[in-house]
Amino acid sequence: MDQSKTPVLDALAAYHESGQTPFTPPGHKQGRGADPRVRAVLGDAVFRSDVLATSGLDDRTSSQGVVEEAQRLMADAVGADHAFFSTCGSSLSVKSAMLSVAGPHEELLVGRDAHKSVVSGLILSGIRPVWVDPQWDPERHLAHPPSPEAFAAAFTEHPEARGALVTTPTPYGTCSDLGAIAEVCHRHGKPLVVDEAWGAHLPFHPDLPTWAMDAGADVCVTSVHKMGSGLEQSSVFHLQGDLVRPEVLRSREDLLGTTSPSVLVYAALDGWRRQMVEHGRALYDDALALAADVRERIAGIGGLRLQGREEFCGPGRAADMDPLQIFVDISAWEVTGYRAADWLRRHHRINLHVADHRRISAQLTHADDPETTGALLAGLTDLAAHAPQLRTGRPVDVPSPSGLRLEQAALPRDAFFGPTEQVPWEKAEGRIAAEMLTPYPPGIPAALPGERLNKAVLRYLRSGVDAGMLVPDAVDTTVTSVRVLREDA
């Protein structure tokens, strides 16, 4: 296909040139009705290009097939059979993929390091999760994606499972052995769904980890706003093979998706695909070289312990790592990542990616340059000088792997929608959670609806909040109380 084409962008330009007068939503009528104070911040171009996809960008019957052609170009660019655009983020895309593989009360193998959007999908669908344990690094207190052997064992124990879902890369940039996991799934005649939200860029450079379609996955979900040039909420999910039918995946997306998709998001996706096909290799040559330089310079800052492939990959750990994710362990300072991230934002106007009980991270993309990384390095150097002032004497009580693993005592849906009560956290041990308790970022629930709470996880969350952890999805975000199923339920 002609990858220089951009059907959505071209149709949007044609819409502007044709001077059409809309008597349809959006009600601001290309900004004419927008408050000038809002336009001063957002810009007129945002409103001018905020038009309907049908009866706007295309005609009432979508006879030009503008979005469909853009999706075919996307699939062709990355070697997938089909591509589907989503303007509701990968949070919607991954739910669509799950519902295409399993239905209510059917089993789905799911890595327990899944994002909260996957858990939301379980709650909405009534799918019964069969949790596959991640690989735990006890030295660094970090979970890596589950191994192929763990998925093989889960299929042996649950042969009726409809498929598997794995998250890779993780928010920590670590990747599973997708080829081997896909082989396990296909040996059982079951599809593999990959939540590759952090991997939209992977198809466009050989020195990046192998992307899901090349590894043999059946459905792959990517967030183009995370590592690409898409606007927030832009997601693409890809399909190949015959284990999941395209019409089924499309109908599940239609069930969950908006009937008013954003043309702004579509246009940015269209343009990003062209940019990557034409310039992606060169852009990531530069980005990878910049990341290598940043790593080398961070290693020279006292007290910072850089973590990359050597620390995160190997037997019992991850299979690969995205080098654009820069992780630094600051535990030698006895300072939490939460405190360090807040300090850098307050004093250097630097916004970091993941901050946990002992690490901070910076996400580099093709958009970074020596100016942005110079600001990062200056901030980290100043942080090192001020580290003693950031100690709180409140360490986070991180459980062992066995302490983190909770019993799934009820279906997530049944627990979430069942009769509940709020109890003090000290009295929640042994009770069944009726809410997600998710340190964010990265957004992986420490406890989810239907799991039986234990003292280790409760102490982890309480000590974490005291040290600066955010648990935004809890009813009580301080986690001094927890929502649980009533015992008489």
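The values are calculated or read from the model by the stated rules, or taken from the named source; none is laboratory data. These figures come from a predicted structure and were not determined experimentally. FYI the Cβ positions are ideal-geometry reconstructions off the backbone, even for glycines, and counts take in every protein chain you see. We work out accessible area using only protein heavy atoms, side chains counted, and drop any ligands, DNA or RNA first. Shrake-Rupley method; radii C 1.70, N 1.55, O 1.52, S 1.80 Å.
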Hey, can you tell me all the residues within the stretch 131-142 that are buried (at least 18 other Cβ atoms within 10 Å of the Cβ) and free of Cβ contacts under 8 Å to residues at least 40 places away in the same chain? VAL132, PRO134
Could you check GLY199 against (1) assigned to a loop (DSSP other than H, G, I, E, B); (2) open to solvent by 10 Å² or more (accessible area, probe 1.4 Å); (3) touching a residue at least 60 places away in the same chain (Cβ under 8 Å) and say which number it fails? (2)
Pick out, from the stretch 39-137, the strands (runs of 3 or more DSSP E) lying fully within it that include 1 or more residues that are farther than 25 Å from TYR266 by Cβ. 107-111, 128-132, 135-137
Residues (free of Cβ contacts under 8 Å to residues at least 60 places away in the same chain, closer than 15 Å to ALA415 by Cα and either in contact with an Asp or Glu (Cβ under 8 Å, 6 or more places away or on another chain) or not in a loop (DSSP other than H, G, I, E, B) (or both)) located in the stretch 433-489: ALA433, GLU435, LEU437, ALA447, GLY450, GLU451, ARG452, LEU453, ALA474, VAL475
What are the pairs with Cβ atoms under 9 angstrom where one residue, in the stretch 401-415, is more than 14 Å from TRP131 (Cβ to Cβ) and the other, located anywhere, is crowded, with 19+ Cβ neighbours inside 10 Å and charged (D, E, K, R)? Sequence gap at least six, or different chains. ALA415/GLU435; ALA415/GLU451
Considering only residues that are surrounded by 24 or more Cβ atoms within 10 Å (Cβ to Cβ) and either out of contact with any helix residue (DSSP H, G or I) (no Cβ under 7 Å at 6 or more places or on another chain) or not in a helix (DSSP H, G or I) (or both), which ones fall in the stretch 166-184? VAL166, THR167, THR168, PRO169, THR170, TYR172, GLY173, THR174, CYS175, SER176
Within the bounds of the stretch 90-105, is there any residue that is crowded, with 24+ Cβ neighbours inside 10 Å, farther than 29 Å from SER260 by Cα and of a type in the set (Ser, Thr, Tyr)? no
Limited to the stretch 63-80, what total is found for residues that are open to solvent by 40 Å² or more (accessible area, probe 1.4 Å) and in contact with a strand residue (DSSP E or B) (Cβ under 6 Å, 6 or more places away or on another chain)? 1
When you check VAL265 against the structure, is it part of a helix (DSSP H, G or I), in contact (Cβ under 8 Å) with a residue 12 or more places away in the chain and touching a strand residue (DSSP E or B) at 6+ places or on another chain (Cβ under 8 Å), yes or no? yes
